[in-house]
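Below: one structure, written as structure tokens.
Read the figures in this text as sums done on the coordinates, not as results from a lab. None of these values were measured; they are calculated from a predicted model. Ideal geometry is used to build each Cβ from the backbone, glycine not excepted, and the neighbour counts take in all protein chains shown.
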Amino acid sequence: MKADLHCHSHFSDGKHTPEALVQRATEVGLTHLAITDHDYLHATSKLPASDSVQLIPGVEISCQWENQEIHVVGLCLDVTDRSLNALLERQQQARRERMAAMDAKLQKIGIVGLAEFVAQLPAQAVTRSHVADFLVTEGHSKSLQKAFKRYIGKRGKAYVPAQWHSLDDVVAAITMANGIAVLAHPGRYPLSKSKLDTLVKDFHQAGGEALETNYGNVDPDEQKRLQDLAIHHKLYMSQGSDFHDSAAHWTDLGKFPPLNTQAKKNAIWLHPRWHSS
């Protein structure tokens, strides 16, 4: 099996259509692909079945844990589940309200046009990345990094804190939709080793079942530490590129360290619900 279980289309903050992602997955030889857009389930709902790539229903949901934003991927979901869809609609509404608040702050410093820029995008879940794109496109910032630092990062002029559901609520919604909850890219959060262990413990106690141990740019030491955490907490192990944009040449679908022999014994595709997706 060659699976990429974490990537994004233009329905959230990715740059490509779902069709283009499936085409690229075919080109790089993937057998399984999950398009896990932020707070949006239906990227693949209108895609025809692929002869070469099996599509896994997925989503990535932002949530709150001890004043820290955490991302949880849901895989093998029932995309018709009412409770999950209702939670995601609330998340999308929170994103729209946050965008409007950032727009208001930008207008106060003479930067106008964000609402119009966002309205013409295909995105169903708007993110700060879209604001950064706007700031660069309209010449207000020289780079995405500077846009975050000056305007929309935590110390930026137009920063607005996010309002997400709790970790417990998100994991419960995924589980109730017959999905598998995966803690996304755990090594990317600004947490100490002990704090990360606490997060993984709380995630497991909430009903989370897998850890994303293999993802783009994870270093071998971090990968080993995450694998040990997964084994310690009896969690399955998942993998994914977190791919967004082919223009970022360091990344691609399927580009991440593979699960090693030990990890494959606890791979997420061995989960009992994997085959019911």
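Evaluating 6.51 cos²θ - 1.76 cosθ + 1.60 at θ = phi - 60° for every residue in the range 97-106, the Karplus couplings come out as 5, 5, 4, 5, 5, 5, 4, 4, 5, 5 Hz, glycine and proline recorded as x.
For SER50, the residues whose modelled amide H falls within less than 5 Å of its own, excluding neighbours fewer than 5 places apart on the same chain, are LEU55. Per-residue packing, averaged as other Cβ atoms within 10 Å, sorts the ranges 156-167, 126-137 into the order 126-137, 156-167, beginning with the highest. Counting neighbouring Cβ atoms within 10 Å and putting the fewest first, the residues LEU270, LEU33 line up as LEU270, LEU33.
Karplus-based coupling profile of the range 52-62, in residue order and whole Hz: 10, 10, 7, 8, 9, x, x, 7, 10, 10, 7, with θ = phi - 60° in 6.51 cos²θ - 1.76 cosθ + 1.60 and x standing for Gly or Pro. The per residue volume of the convex hull around the alpha-carbon atoms of the range 98-152 is 71 Å³. This model, with +1 at the C-beta of Lys and Arg and -1 at the C-beta of Asp and Glu, gives the chain a dipole about its Cα centre of some 780 debye. Sorting the Cα pairs of the range 153-206 by distance into bins of 10 Å, from 0 upward, gives 20, 40, 31, 9, 0 percent per bin. Can you pull the Kirkwood radius for the chain, inverse mean 1/r over Cα pairs, to one decimal in Å? Averaging 1/r across every pair of different Cα atoms and inverting gives 19.1 Å.
Each Lys and Arg contributes +1 and each Asp and Glu -1, all at the Cβ; summed about the Cα centre of the range 98-152, the dipole is approximately 340 debye.
Summing charges over neighbours of PHE117, with a neighbour being any other residue whose Cβ is under 13 Å away from its Cβ, gives -4 when K and R count +1 and D and E count -1. Between the amide H of MET237 and those of LEU211, ALA267, ILE268, distances stay under 5 Å, these residues lying 5 or more places away or on another chain, with hydrogens modeled in the peptide plane.
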